[in-house]
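Student: Before we start, here is the structure in question, set down as structure tokens.
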Amino acid sequence: MLAIKLQRIGKKHHPSYRLVVAEKRSKMAAPPVEDLGSYHPLTKVAALNKERVAHWVKMGAQPTLTVHNLLVAHGALSLPKKTVKTRKKAKAGEGAAVGAAAASADKEKMAGTAAAAQ
């Protein structure tokens, strides 16, 4: 299945991306099927070939969530934006406290079963 996705081409701390059509499961360094444009997130400038984007969407290529929202913002797609869901990372204190509580509960169970066996 083909996907329209971003391929990073920038230097360290200076990201820039190509908008490419590639196999959905391919590595990002793999050669794309077609290059559709570029996007520079620091300046928010996008150069898109809207005709080719419309062609590939018509042919069944699925844009990723970020690319979908980028295409909507720049007028290449006339659909509503999709929400991008991200996972929240557990805070260092909370994760350690939960892990320590679970470990102590396991130790108590082991001690209880050892006492019952005697």
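Student: For residue 13 and residue 86 in one chain, what is 0.36 nm times their gap in residues minus the Cα-Cα distance, to one decimal in nm?
Tutor: Here the answer is 24.1 nm.
Student: Below 11 angstrom from the Cβ of residue 72, what's the summed charge of the other residues (Lys, Arg +1; Asp, Glu -1)?
Tutor: Its environment carries a net charge of +2.
Student: Going by amide H atoms built from the backbone, whose H comes under 5 Å of the H on residue 34, apart from near neighbours?
Tutor: When sequence neighbours closer than 5 places are left aside, the close amide H contacts are 21.
Student: Could I ask something else about it? In straight Cα distance, which lysines are under 28 Å from residue 89, not counting same-chain residues fewer than 8 positions off?
Tutor: Residue 89 reaches 5, 11, 12, 24, 27, 44, 81, 107.
Student: Right, here's the next one. Convert each backbone phi in segment 34-45 into a coupling constant with the Karplus relation 6.51 cos²θ - 1.76 cosθ + 1.60 (shift: θ = phi - 60°), then list the ³J(HN,Hα) values in order as whole Hz, x for Gly and Pro.
Tutor: So the J values, rounded to whole Hz, are 8, 9, 9, x, 9, 9, 10, x, 5, 9, 6, 9.
Student: Same structure again: Based on the Cβ-Cβ distance of residue 51 and residue 23, what FRET efficiency does E = 1/(1 + (r/R0)^6) give at R0 = 22 Å, to the nearest 0.05?
Tutor: 0.50
Student: May I pose another question? At a threshold of 8 angstrom on Cα-Cα distance, excluding pairs fewer than six apart, so keeping six or more, what relative contact order does segment 2-73 reach in percent?
Tutor: This gives 30 percent for segment 2-73.
None of the figures in this text is laboratory data; all of them are computed from the coordinates on show. Note that the structure is predicted; figures quoted are calculated from it, not measured. Reconstructed Cβ throughout: ideal geometry from the backbone, glycine too, with neighbour counts over all protein chains shown.
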